[in-house]
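The values are calculated or read from the model by the stated rules, or taken from the named source; none is laboratory data. Quick caveat, the model's predicted, so the values are computed rather than measured. FYI the Cβ positions are ideal-geometry reconstructions off the backbone, even for glycines, and counts take in every protein chain you see. Heads up: the accessible areas ignore ligands, DNA and RNA and are worked out on the full protein's heavy atoms, side chains in. Shrake-Rupley method; radii C 1.70, N 1.55, O 1.52, S 1.80 Å.
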Amino acid sequence: MSSSSSSDGPVHSPLLTLPGAVPAQAPDEGVAAHYGDLFKEQRALADGTGFVDLSHRGVVTVSGDDRLSWLHLLLTQHMTELPAGQATDALILSANGHIEQALQLVDDGETVWMHTEPGKQGELVGYLESMRFFYRVEIADRTDEYAVVHLPAGSIAATPASAAAVRETPHGRDVFLPRAELPGFAEEYAPAIGVLAHEALRVEAHRPRLGLETDHRTIPHEVGWIGTAVHLDKGCYRGQETVARVQNLGKPPRRLVFLHLDGSEVHIPVHGDKVRIAEGDAARPEAGAAPEGRPVGFVTTCVRHHELGPIALALVKRNVPVDAPLIVGDDATAAAQEVVVAP
């Protein structure tokens, strides 16, 4: 059995009516980018106070006696022995090993609760339905009923009694809350913090996000999802051959890097801006076939951090030297790289 109640259009949060709320742009349409003071919100989040409205994310549940063994066959994560209440991440790959879905999930003992990127829930439910066959599972799109809110690491706030499920991670708690309770939650758990602050801390922690750090040909090794969202000691799943081949050969085409950007620039790079080898470094043979001016990658996410200044994640060619100075975008903003995924 299955049910689906949510369209894949933007879900607009009632918290956009809070004082100072500025709507976020894609891919985070439907919630607030910030509430008037971006850096203050970042500091609050880093200090473990407030909450982030992630109610635009898709919520999907899988229940039934076969849910864990069935999901084990479909996802990159080891699911058969997942303890109730233990949060984990998982991917759905194409037959060629490219990332199609990134799921943050938890099993409550009866139901697996998962949230995914805004607008991806319909695609997710469609794929799960197509693979259900004779298994005793029930699949449901719960986006219209439940919203995700994030309590930061270090928060002493109690989880609401009405929460359907909670994902406890090193970065905080993701709470699946009845959507009708969002306004009351905001009053009790203030201050509300926008998704830009949440993104800044995500970039600082080098955590990839589907649709930003990934494109149509990204494989898990490139962005550092091996070990966190991909379990290497489990049976077959779609795309596993690519994962095993890259794991054995150790040569993914690209790698994720963290960039410290020149803070003197007025504008910061945006998603898709080209990354190039800085002039004077391109003559080194180990820089590969990438002379100054030829792109070696692109920016995936760029943010202004309250302590680090402008920082970014980027995907670059695997053979770009780890100590090569880089420039980003049309303004040729200087960037120093830190290794996220080793070449």
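The conditions are (1) closer than 25 Å to G250 by Cα; (2) free of Cβ contacts under 8 Å to residues at least 40 places away in the same chain; (3) among the small types (G, A, S); (4) out of contact with any His (no Cβ under 8 Å at 6 or more places or on another chain), and A205 fails exactly one of them. Which is it?
(4)
Which condition breaks for Y237 when tested against (1) surrounded by fewer than 16 Cβ atoms within 10 Å (Cβ to Cβ); (2) out of contact with any Pro (no Cβ under 8 Å at 6 or more places or on another chain)?
Evaluating Y237 over (1) surrounded by fewer than 16 Cβ atoms within 10 Å (Cβ to Cβ); (2) out of contact with any Pro (no Cβ under 8 Å at 6 or more places or on another chain) leaves (1) as the failure.
T80 passes all but one of (1) part of a strand (DSSP E or B); (2) without any contact (Cβ under 8 Å) to a residue 24 or more places away in the chain; (3) not acidic (D, E); which number fails?
(1)
So which residues in the range 9-28 are among the hydrophobic types (A, V, I, L, M, F, W, C) and either modelled with pLDDT under 95 or surrounded by fewer than 18 Cβ atoms within 10 Å (Cβ to Cβ) (or both), if there are any at all? Working first, answer last.
Just the residues of the range 9-28 that are among the hydrophobic types (A, V, I, L, M, F, W, C), to begin with: 11, 15-16, 18, 21-22, 24, 26.
The answer is V11, L16, V22, A26.
Quick test for you: out of E129, E117, pick the one residue that is open to solvent by less than 40 Å² (accessible area, probe 1.4 Å), within 23 Å of T88 (Cβ to Cβ), assigned by the TED database to the domain that holds E100 and out of contact with any Phe, Trp or Tyr (no Cβ under 6 Å at 6 or more places or on another chain).
Working: E129 fails: open to solvent by less than 40 Å² (accessible area, probe 1.4 Å).
Residue meeting the stated conditions: E117.
Listed here are the residues, each with its yes/no results for (1) within 27 Å of G109 (Cα to Cα); (2) in contact (Cβ under 8 Å) with a residue 12 or more places away in the chain; (3) assigned by the TED database to the domain that holds S63.
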position	(1), (2), (3)
A161	yes, no, no
A165	yes, yes, no
P170	yes, yes, no
A180	yes, no, no
G184	no, no, no
E187	no, no, no
